[in-house]
Structure formats: C-alpha cells, structure tokens
Amino acid sequence: DPTYFHKLYTRVYGKTPAQRILSRRITAAQIALEEGDLSIAEIAASCGFSSQAYFAAKFRELTDRTPTEYRKFKQNQR
C-alpha cells in the first residue's frame with residue numbers, strides 16, 4: 001500500500017520521500033558548486049532539475065542562498 005509506505009518512510013526519516021530526494025539532489029548540487037567547474041545550468045540539469053529557475057528556487061528554499069551566492073560564499077571560505 002503506497003500510503004502505508006509513505007507514512008512509514010516519513011516516520012523513519014522525518015521527511016517525505018520527495019523531500020528526502022530533493023534534499024539529496026540539493027546536496028549533490030552543493031558539492032558541484034563547490035568544485036566550481038560547471039555552470040549553474042549544467043549543475044541543475046545534472047542533478048535532475050527540469051529548469052534552472054526551479055533549481056534556483058528549491059536551492060534557495062533549502063539553503064537560504066541562491067546557487068550563485070552559495071558558490072561565492074564557498075569560494076571566499078577557501
């Protein structure tokens with residue numbers, strides 16, 4: 001039963017399956033942004049986002065920074 005799985009998964013991980021997938025995709029994007037070789041559009045596509053705008057919105061939602069701000073922040077920490 002999909003509803004049972006969803007409830008059980010959410011109870012175990014504290015996030016819905018969709019939230020957990022999004023979180024992992026954003027983490028992968030953070031790593032790619034720190035490496036600095038790919039463009040934002042390339043990172044968005046490689047992490048499975050359908051558009052750069054959607055990627056930027058979700059990235060900001062989870063990190064409180066845009067992808068560009070995050071990249072600059074990490075570069076300044078070096």
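Rule-based calculations on the coordinates, nothing more; no lab input. Keep in mind it's a predicted model, so treat the numbers as computed, not measured. Cβ coordinates were reconstructed from backbone atoms using ideal geometry, including for glycine residues, and neighbour counts include every protein chain displayed.
Summary of values
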| quantity | calculated |
| --- | --- |
| Where labels lie 7 Å past Cα in the beta-carbon direction, separation of Asp64 and Asn76 in nm | 1.5 nm |
| Around Phe73: net Lys/Arg minus Asp/Glu count, Cβ-Cβ under 11 Å | +2 |
| Net charge, Arg24 excluded, C-beta distance under 14 Å - Lys, Arg +1, Asp, Glu -1 | +4 |
| Two-site label geometry, Tyr4 and Gln52: point separation in nm, points 7 Å out along Cα→Cβ | 4.6 nm |
| Two-site FRET efficiency, Glu35 against Tyr13, from Cβ-Cβ distance with R₀ of 22 Å, rounded to 0.05 | 0.20 |
| Part-to-part distance (alpha-carbon centres) for the range 1-18 and the range 21-40, which is given in Å | 25 Å |
| At least 24 Å along the helix axis (C-alpha) and Kyte average at least -0.5, DSSP helices within the chain | 17-35 |
| Sequence-separation-based contact order of the chain, relative, with Cα cut under 8 Å and 6+ spacing, percent | 22 percent |
| Convex hull volume per residue for the chain, taking Cα atoms only, in Å³ | 98 Å³ |
